[in-house]
1. Which members of region 145-200 meet the condition of being basic (K, R) and touching a helix residue (DSSP H, G or I) at 6+ places or on another chain (Cβ under 9 Å)?
2. Exactly one condition in (1) of a type outside the set (S, T, N, Q); (2) surrounded by 20 or more Cβ atoms within 10 Å (Cβ to Cβ); (3) not in a loop (DSSP other than H, G, I, E, B) is not met by E145; state its number.
3. Looking at (1) over 25 Å from K197 (Cβ atoms); (2) buried (at least 20 other Cβ atoms within 10 Å of the Cβ); (3) among the aliphatic types (A, V, I, L, M), which one does A111 not meet, given that it meets all the others?
4. What single numbered condition from (1) buried (at least 19 other Cβ atoms within 10 Å of the Cβ); (2) in the same structural domain as A176 (by TED's automatic domain parsing) fails to hold for S71?
5. Taking region 168-216 on its own, how many of its residues are among the hydrophobic types (A, V, I, L, M, F, W, C), under 16 Å from the mean Cα position of the chain (by Cα) and farther than 30 Å from K83 by Cβ?
6. Which of the residues that make up region 118-141 are crowded, with 19+ Cβ neighbours inside 10 Å, closer than 26 Å to P213 by Cα and not aliphatic (A, V, I, L, M)?
7. Only residues that are within 13 Å of R150 (Cβ to Cβ) and within 18 Å of the chain's Cα centre (by Cα): list them for region 81-109, please.
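The values are calculated or read from the model by the stated rules, or taken from the named source; none is laboratory data. Since the model is a prediction, treat every value here as computed from it, not as a measurement. Here the Cβ is made from the backbone with ideal geometry for all residues, glycine too, and neighbour counts use every protein chain on show.
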Amino acid sequence: MKEKIKIIEQGQGWICLEKPGGMSVHNDPGRDMISGLQKRLDPGSTEIRQPVHRLDKETSGLLLVATARDSLAALSNLFAGGKVTKRYKALVHGHFEQARGSWDTPLTKSAGGRGDPRGRGKRIKALTRYRVLDQSRHYTLLDIELFTGRKHQIRRHAKLAGHPVVGDPRYGSPRALEFLKTQKQFNAMGLHAWFLKFRDKGRIVTLELPDLPPEVARLFEEDRA
């Protein structure tokens, strides 16, 4: 693993990491986030290192990892019960006429595809709300809050709305992806988990990582020129 895992904050039974875009959380032994954390901490420790929630490989930002089994159960229940405030910054294609809005197209629990982001099979409630932060010539920067937790929810809703996330390898158009790669030397995805808020052992925990990854920020600034 070449990238150093940055610790944002530690609590009683959990640790918050900064996940780089393009790195798996687990299932890639020796190169994923959990492998890196194992190397970073005392190898003789009896602590567990188990992610409490999901972040897609291409998504950057805050990742909460449990280091005790009681915390894993408690925090997992908070996420499953919708008791964690989760906000993202997303750089998407196109412009918005309104400063705020929501996407509520029902989605399947499993991932969809470029041709049908809703997914095949039973579709269930999904709610994503957004606020426009800034716009450039071709892109819009959104602050997004998730109210449900369907797989690839932001990416699927953005695609269905006609504003796919910039650099999204699954839901973006092949033409746009090729342009970004060859003309802009852009090999990232514009989705960043920047805010988490939850109650932990009687206190409110607020975690923030507001700055966009450098590659995403560079693309946006260049498009403003």
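1. R150, R170, K184, R199
2. Tallying (1) of a type outside the set (S, T, N, Q); (2) surrounded by 20 or more Cβ atoms within 10 Å (Cβ to Cβ); (3) not in a loop (DSSP other than H, G, I, E, B), E145 fails exactly one: (2).
3. If we test A111 against (1) over 25 Å from K197 (Cβ atoms); (2) buried (at least 20 other Cβ atoms within 10 Å of the Cβ); (3) among the aliphatic types (A, V, I, L, M), just (2) comes out false.
4. The single condition S71 does not satisfy is (2).
5. Quick first cut of region 168-216, residues among the hydrophobic types (A, V, I, L, M, F, W, C) only: 176-177, 179-180, 186, 188-189, 191, 193-196, 198, 204-205, 207, 209, 212, 216.
After this cut, where a residue has to be under 16 Å from the mean Cα position of the chain (by Cα) as well, the list is 188-189, 191, 193-196, 207, 209, 212, 216.
Pick out the ones that are also farther than 30 Å from K83 by Cβ and you get 188.
Of the residues in that region, 1 qualify.
6. If we filter region 118-141 for residues that are crowded, with 19+ Cβ neighbours inside 10 Å, which is where we start, we get 119, 126, 128, 130, 139-141.
Among the residues that remain, those that are also closer than 26 Å to P213 by Cα are: 128, 130, 139-141.
Once the filter is applied, which keeps residues that are crowded, with 19+ Cβ neighbours inside 10 Å, closer than 26 Å to P213 by Cα and not aliphatic (A, V, I, L, M), region 118-141 yields T128, Y130, Y139, T140.
7. G82, K86, W103, L107, K109
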